[in-house]
1. Using a 1.4 angstrom probe and counting only protein chains, how large is the accessible area of MET86 in Å², to 10?
2. In the neighborhood of ASP31, defined by Cβ-to-Cβ distances under 13 Å, what is the net charge if each Lys or Arg adds +1 and each Asp or Glu adds -1?
3. Can you work out the Karplus-derived ³J(HN,Hα) for every residue in the range 17-25? Use 6.51 cos²θ - 1.76 cosθ + 1.60 with θ = phi - 60°, whole Hz, and x for glycine or proline.
4. Once R0 is set to 22 Å, what does the formula 1/(1 + (r/R0)^6) return for the Cβ-Cβ distance between LYS87 and SER43, expressed as a FRET efficiency to the nearest 0.05?
5. Just to be sure I understand the model, the point goes 7 Å from the Cα along the line to the Cβ. What's the resulting SER55 to ARG74 distance in nm?
Amino acid sequence: INSILRSNNGNKYLLCIYESIDKAMNIKARDRESIKKVIVLSSITNSYVEGTASSIDLCGQTVRNNLKQQDPERVLKYNEEVIKKMKEMGAFRKPVNVAMDWHDIMYCDHKPEGVNGTKSKR
């Protein structure tokens, strides 16, 4: 996402991402815009929701609660659509991996396929 935003069309790409979040997610919070900002900012900076939310005076738990209420299938559907649209706009030169945690489980030793996990505290 950083390379996308640095491009000449960064604003156009960012608007596409924000529109896709509106379509993909049913955010029921009063301040929907702040939740969308946290989602995008945390992905841009490759950071956790907690830190990003606190930087804009929002509770990270509010963002997580809204994320947990989403339908993963719907989000994946719109994710595919936005990737296709952004490829058509010329945003991607190579494949991009994007991940979102839908759980509070800290995988250490036995990780499902596709999960990076964390280091064991032992």
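The values are calculated or read from the model by the stated rules, or taken from the named source; none is laboratory data. Just so it is clear, the model here is predicted, and its values are computed rather than measured. Every residue, glycine among them, receives a Cβ derived from its backbone with ideal geometry; neighbour counts consider all protein chains shown. Side chains included, ligands, DNA and RNA excluded: accessible areas come from the protein's heavy atoms. Shrake-Rupley method; radii C 1.70, N 1.55, O 1.52, S 1.80 Å.
1. 10 Å²
2. Numbers: positive: LYS28, ARG30, ARG32, LYS36, LYS37; negative: GLU33, ASP57.
Charge balance near ASP31 sits at +3.
3. For the range 17-25, the Karplus-derived couplings read 5, 4, 5, 5, 5, 4, 6, 7, 10 Hz, x marking Gly and Pro.
4. On the way: r = 18 Å, r/R0 = 0.81.
FRET efficiency, LYS87 to SER43: 0.80.
5. Each label point is offset 7 Å from its Cα along the Cβ direction, giving 2.8 nm.
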